[in-house]
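K.L.:
Quick one: the structure is below, questions incoming.
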Amino acid sequence: MGTIASDSSAIGRASGKQMALSFDAPTRRRSVRFVWQMQLIAMLLAALWLRVDEFDRLPGLNGDEAWYGVQALSLLAGEPFESRTPTGNVLNPFYFVPLVAVHAMYSASIAALRSVALVSGLLAIAVNWLLCRRVFGEGVASATSLALAVLPINVAYSRFGWDTSQTLLFSVPVVYGALLAVKEASRAGRWMAVSWVCLVAAIVVHPTNVFLLPMPLVASTIAVAQPLSRLWRWLRQYPLATVGACGLLLCVAIVAVWMARGWLDSAPGRVFNIGEIARFASAYVRLLSGVTAYQYIPGSLLPDGQAYDTSSLIVLLFDGLVAVLVAVASWGWCYALRQGAQAMDMTLLAGWALIAVGFYLVAGPGAIAPHFERYGLCLIVPAVVVVSRGIAIRLTHTASTARALWTLTALGWLSLVGFQVFYLSVFEASGGRSHRAFRVAEGDPKQMALRQIASIAEESEVTIVTTEWWTYWPLRYLACGETIRVVLANEPDASLTDATGGGSTSIWYVEFVDAPNYPAAREQLLSAEGDWRETLIRDARGRPILALFSQHRRHS
């Protein structure tokens, strides 16, 4: 039996074949194709709109975003800045340099902070189209590009000013560079260089992207298979050289295992743990379906004040839809393997499998659970390509291609509608129910607090004291260019006023109402001398989000 064609425009060609069977009139076929193309363009525009609609307000500005903004402004001001993130990672230059350029042209704002992530997410879709079309043809390129455009996790991370938001952009060339190295043997060296260089860049973006390593590694193994076989035949003629080569490989393996010993501690216990495997599979599905992003950022798909409602019908519906797509893709891959899939398809399948297994063994299911899913963003592109390729193979050999394509399109629209309902609308209606850093009111609470402070305080000097990362960095970033000093205190105790400095005439203490320090601070300040006054910023339901305590002094 023959192999599955590697340069398949599977979806596009199969669609045209089916339409030819279903419509006798050429004019009608052209009309249907035109409608098909227009709705695909409409879907892309809708995905773009969901990325930019009030992305300067939803979700609320968090400390990680603002930290990067402060470093950019410090560099522009000629002041010292941090070269490593608070977690010890190297400052992502691919994110930081454009961020500095944006702030050189525009003043500090939430939109400026998130612009680099927005552009990076859109570039990822464009780069995917160009490279995937070269690998698999326009059919699979259209499918993967649309999938990357509508996946809720990708839309959500295009609205965040996080360095990890660039994982998608750098994952794409790692995957396709490896596949092109196998497909285009005459240019294997060039494409392998692209894949390896982009892998290094992806690791600089975030260290967890090292899990993409199997993709170029598998491709490199296939690319050098023949030279290695010749080398092995030569070594067999010289026993001492063979022993030396094997000893060298053994030493390299021992060093690698020793360096990764901390990561590998938990791996043996997961190998045969069926419960952990099921948890990981479920978390992987929810990462793709959007459930993880919805639970983490706006706090939807879970009841107020309770644990995650993983048994809800909506969550099960999302799980089921992704499971159906995976099942169809698996059907296609089974057919391809039975017919003798080409090296490029085997590279893709083996690379994705090793990435998933490696992530599971080292990081485990908790690393892609809500609140931690940024560590697993490297899993998205390989999964999307594998599923799209498998579905394309299946559609090539089905008699109902047009119906299947319209079904896939409907799922794409369902994903976009789901983002509007379970993400944007939740913020508008409730202000958010997840982490306090993401909650919003009519605007971003920290930005509203700063504007309120600036409008009330008549004195020339203002000092704001806070105790949390989630309030300190946003306030410090947004206060750049203002005559406002922002102080990070260990706790709101009697030294609060001392931390402000003797020259200040307007002292403010700002804290989230659900922060650990808030209850004690409120009781202390309202009972202390000095006439402290409390002002609350509330969400759309009237629930307090942020508390502002003020004390005004006049010094002679």
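What follows draws every value from the coordinates through simple rules; no lab data is involved. Because the structure is a prediction, the values reported are computed rather than measured. Neighbour counts are summed over all protein chains in view; Cβ atoms, including those assigned to glycine, are modelled from backbone coordinates with ideal geometry.
K.L.:
From Cα pairs below 8 angstrom and at least 6 apart in sequence, can you work out the relative contact order of segment 152-203, rounded to a whole percent?
P.N.:
Values: 37 pairs, mean separation 18.2, N = 52.
After rounding, I find 35 percent.
K.L.:
Here is a further query. Note down the nm distance, to one decimal, between modelled labels 7 Å out along Cα→Cβ at residue 482 and at residue 454.
P.N.:
The modelled label-to-label distance comes out at 0.6 nm.
K.L.:
Here's something else I'd like to know. List the residues, sorted by chain then number, that are 5 or more residues from residue 465 or on another chain and whose placed amide H is less than 5 Å from its amide H.
P.N.:
The list, which skips near neighbours in sequence, is 487, 508, 509, 510.
K.L.:
Quick one: Cα centre-to-centre distance for segment 430-485 and segment 137-192, in angstrom?
P.N.:
37
K.L.:
Where does the charge balance sit around residue 158 when Lys and Arg score +1, Asp and Glu -1, over other residues with C-beta under 10 Å from its C-beta?
P.N.:
Values: positive: 51, 114, 159; negative: none.
So the surrounding residues net to +3.
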